[in-house]
Amino acid sequence: MNIKYHVLIFILCFSFLVIYAQTEAEKDPKAKAILDNISKTTKTYSTITADYVMIVYNKEKKKTEEQTGKIELKGDKFKLEIPGNTIVSDGKTLWNFNKDAKELTIKNYNPNDDKNETITPNNFFTIYEQGYKYKYDKKENVGKVSCDVINLYPAIKPEKKKFHTIKLYIDNSKKQIVQAKVLMKNGEVYVYTVKKFSPNLPISDNYFTFDTKGLKPDQITDERE
């Protein structure tokens with residue numbers, strides 16, 4: 001899976017702080033109330049740590065891929081562990097370490113630059129507020145958890161998006177997202193399920209930098225200007 005898309009979707013699904021759209025095209029009062037509550041709760045978290053499982057289904061609804069991962073967030077800083085890669089940002093620098101090749105790429109990071117290979121929470125919040133419609137769908141269980149389901153639809157240049165709908169499954173009692181389904185235009189479905197959600201764990205700022213000790217110069221590609 002494309003790393004940029006993986007990070008974008010994960011941050012969208014599990015780390016937003018101001019998630020409701022501002023577009024006039026569609027403002028579902030019931031959906032807005034739920035999203036407002038999640039936004040209010042999430043804003044109280046100093047950090048977020050989440051373990052998750054991602055499963056990909058093809059258009060025949062057959063499972064084609066399964067991955068586990070972990071994301072940790074603190075303000076505009078984040079660390080994402082996915083199979084084969086560790087991606088770290090302190091909000092200014094982005095480190096992408098390929099574990100198999102043992103190669104590190106370093107870049108300047110500007111969350112407002114859409115040319116970046118990933119998207120931080122700060123950058124995505126603005127995109128979200130300006131670019132999505134939302135609508136309450138139904139109640140549905142995820143495992144034993146009763147969830148409210150809210151559908152998101154891209155409102156700005158939807159023809160350029162690879163997906164047409166994102167379904168958020170929200171445990172309204174805890175005011176947390178427990179699952180998200182990304183419905184792709186090619187018929188694939190990406191299902192992200194949170195297995196463990198831990199807010200307010202103590203995480204130092206230094207944790208969101210990558211230690212290059214132990215790597216040889218030819219293992220590091222520094223693209224910072």
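Every number here is computed from the coordinates shown, using simple stated rules; none is lab data. The shown structure was predicted, so the numbers you read here are calculated from the model rather than taken from an experiment. Cβ: placed from backbone, ideal geometry, glycine included. Neighbour counts: every protein chain shown.
Before moving on, here are some points about what is shown:
- Flagged links, alpha-carbon separation over 31 Å, of 161/216; 99/139; 61/139: 161/216; 99/139
- Our note on the geometry: Cα centres of segment 57-97 and segment 128-204, 16 Å apart.
- Peptides 204-215, 28-39 ordered by average Cβ neighbours within 10 Å, highest first: 28-39, 204-215
- Computed FRET value (nearest 0.05) for residue 32 with residue 105, which takes r as the C-beta separation and R₀ as 35 Å: 0.30
- Overall form of segment 37-111 per C-alpha gyration tensor (a/c, 1.5; a/b vs b/c): oblate
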